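Bear in mind these aren't lab numbers, they're just calculated from the coordinates by the rules spelled out. Just so it is clear, the model here is predicted, and its values are computed rather than measured. Note that we place each Cβ from the backbone using ideal geometry, even for glycine, and neighbour counts take in every protein chain shown.
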């Protein structure tokens, strides 16, 4: 106390008191004020304006200043009218967009946008035309799925998805250097958004034909498939006979051949 | 070497002095040198112990296998970094694999170190029988024929021949079980047709839900079946599904080519194609929505669904058959008719004159 009272006329006291007061106000505000809303609210004109500004910097060089797209020319980007917030959330969150350079495939890379920025971009693109909204967490919540649902999800997956993504979701090749990415360890929301919007070469699976409960069953099947440990130990990517044959013939039979050669190389009889 | 005396002495059959046939003289066998184990009794004892140890480990490992089989629970796991292995499978493999390996290693060591290793030459003998043997066989044969009375009572031989010839008939007739005789009529009602018919609804595979054009967005792919497939069961279901499976795709009508003859086969860019590759019949739904190309994963045949399903790459020789579609009174997608050409892979009698070719209208 004596320290405080003796130094109260110190030249720095006023400034320190001011800093302390500001700090207290800030701390109080952060406790009392409601947390910022992070959502692609299409009615939020400020969010749309922020999104438009971000769009002009990161997206417009290919997709045009108003998302009208460029179909001809060296730099091409499809029009974004009607792709919806779900497409933006999928493409930007996974780092596919903005692409580093135009090409056949939009590879996954680290995402540089914050959640607020992605929500703003999504709100802006959603305002260009009606399209699928970002799915609600209830749509892809697979906690309450029964074994029957998972079996049905497996059937739907093998019918609709396995042609490109492999029967285990390990991904696969497409023509001209394109590929269907692996589905292992993906966020359920991304999988749902991909089915909803049909990114890049992937076809669309609309809510009317592949219903929300069907999509949820597919996601549940994928998650249950990838959570299960492999009984054999080394699953070899789940690619089937190609990788298994490669290992059996090169490592297995090749190893035996080397072993036999090693025995014979030391001479047919001992020294 | 002692049993080949009747076929010449060693060295006499190989004419090593014949300059024409053998310009290089036969070097003969390498000089035999004793191994360490041949001269040193201690080394031989050591090798014996090695072989016995390897052989002795085999029963231990075999018993270990049996113990692991019953004692280790199937739900236990061992982690090796990112790999996760089932403990029982791993231990079963290790015990049995090592048992086999030690058996082999012991045998190799035994042969190399301890077994007698002196090299010898065994000459080949002639493969032909001796004249004595041949004559004996012929006289025996004559005797048997005589004793069987076949030469005197010829009717037995003839009926036996007829019996043996006709006993094959049941076997040949049994081959008819392989399937119906593929006459033109039979082909027309089996392999060349599907259960698609005018008015049959196009329904989603798996869920069998019908669909309306407004449910299908541009870039959408639907794996579909005819609605009347649900009425079938068992092998009939499988056979018909294998021929009738289709894919429904929607593309922007401005970006695709529709020939005038197929103008009314589609609904605003919604087209329906057979799902069965025309090469060897793999089901294909590997569709790129931007290029409109459909790729068959079996042999990389690629069909352009934006151009009546013509082949753009790969070994397939024919365009993918297209199913004409329209909507019924309730607005659901139905087939206008069945396929105009047989779906699926080629077969010998197939008439390919009606298939769509580039340049057709």
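Taking the square roots of 5 times each eigenvalue of the Cα gyration tensor of segment B:12-167, largest first, gives ellipsoid semi-axes of 56, 40, 17 Å.
In terms of surrounding Cβ atoms within a 10 Å radius of their Cβ, B:87, B:274, B:235 rank from fewest to most as B:235, B:87, B:274.
Comparing A:20, A:258, A:90, which has the greatest mean-square fluctuation in the GNM of chain A with Cα pairs linked when under 10 Å apart? Looking only at A:20, A:258, A:90, the biggest GNM fluctuation is shown by A:20.
Compared with the dominant Cα axis of chain B, that is its longest principal axis, helix B:87-113 is turned about 30°.
What fraction, in whole percent, of alpha-carbon pairs in segment B:240-354 exceed 22 Å separation? Value for segment B:240-354: 29 percent of Cα pairs lie more than 22 Å apart.
Residues A:124, B:136 in ascending order of nearby Cβ atoms (within 10 Å, fewest first): B:136, A:124.
For chain A, the alpha-carbon coordinates run over 102, 60, 49 Å along the three principal axes, in decreasing order. Using a simple spin-label model with pseudo-atoms 7 Å out from Cα toward Cβ, residue A:211 and residue A:155 lie 1.4 nm apart.
Among A:81, A:142, A:114, the residue with the largest mean-square fluctuation in a Gaussian network model of chain A, with springs joining Cα atoms closer than 10 Å, is A:114. I'd like the FRET efficiency for residue B:46 and residue A:258, computed as 1/(1 + (r/R0)^6) with the beta carbon distance as r and R0 of 35 Å, rounded to 0.05. Once the sixth-power term is evaluated, E becomes 0.85.
If R0 is 41 Å, the Cβ-Cβ spacing of residue A:13 and residue A:115 corresponds to a FRET efficiency of close to 0.45.
Two numbers describe the Cα atoms of segment B:181-240: Rg and Dmax, which are 14.5, 46 Å. I need the Debye-formula profile for chain B: one equal scatterer per C-alpha, no solvent, reported as log10 I(q)/I(0) at q = 0.06 1/Å, two decimals. Here log10 of I(q) over I(0) equals -0.66. Can you give the angle from 0 to 90° between the axis of helix B:154-166 and the longest principal axis of chain B, with both taken from C-alpha atoms, to the nearest 10? For B:154-166 against chain B, the angle is about 50 degrees. Hydrodynamic radius of segment A:92-168 by the Kirkwood approach over all distinct alpha-carbon pairs: 15.8 Å.
Our compactness index for segment B:132-173, the C-alpha radius of gyration over the empirical 2.2 N^0.38 Å, is 1.66. Inter-chain Cβ neighbour count for B:215-225, averaged per residue, equals 6 (cutoff 10 Å, partner chain atoms only).
For the segment A:196-205, counting C-beta atoms of other chains within 10 Å of every residue's C-beta and taking the mean gives 6.
Please compute the Kirkwood hydrodynamic radius over the protein assembly as shown, one decimal place, Å, based on all pairs of different Cα atoms. Computed over the protein assembly as shown, the radius equals 33.2 Å. Modelled this way, with points 7 Å down the Cα-to-C-beta line, the labels at residue B:87 and residue B:156 are 7.5 nm from one another.
In a fully extended conformation the segment linking residue A:242 and residue A:176 would gain 21.7 nm over its present Cα-Cα distance, using 0.36 nm per residue.
The simple Förster model, with R0 at 35 Å and r as the Cβ-Cβ distance, assigns residue A:143 and residue A:234 a FRET efficiency of 0.70.
Helix B:131-148 and the longest principal axis of the C-alpha atoms of chain B enclose an angle of approximately 60°. Neighbouring Cβ atoms from other chains, within 10 Å of the Cβ of residues in B:284-294, number 5 on average. Over the residues of the protein assembly as shown, the helix contribution to mean residue ellipticity at 222 nm works out to -12000 deg cm²/dmol, using -39500 (n - 2.57) for each DSSP H run of at least 4.
Taken over segment A:117-211, the alpha-carbon convex hull comes to 136 cubic angstrom per residue. When Rg and the Kirkwood Rh are both derived from Cα coordinates, the Rg/Rh ratio for segment B:33-120 amounts to 1.21.
Counting beta carbons within 10 Å around each of B:185, B:212, A:215, A:178 and listing the fewest first gives the order B:185, B:212, A:178, A:215. Over all pairs of distinct alpha carbons, what does the Kirkwood formula give as the hydrodynamic radius of segment A:45-126, in Å? Mean inverse Cα-Cα distance, inverted, gives 12.6 Å. Extending 7 Å from Cα along the Cβ direction at residue B:111 and again at residue B:55 yields two label points whose distance is 1.5 nm. Pick out which of A:250, A:219, A:32 has the largest mean-square fluctuation in a Gaussian network model of chain A, springs linking Cα atoms closer than 10 Å. Of A:250, A:219, A:32, the most mobile in the Gaussian network model is A:32. Working from Cα pairs under 8 Å separated by at least six residues, relative contact order for chain B is 12 percent. Where the alpha-carbon atoms of segment B:108-182 are placed on the principal axes, they occupy 65, 49, 19 Å, in descending order.
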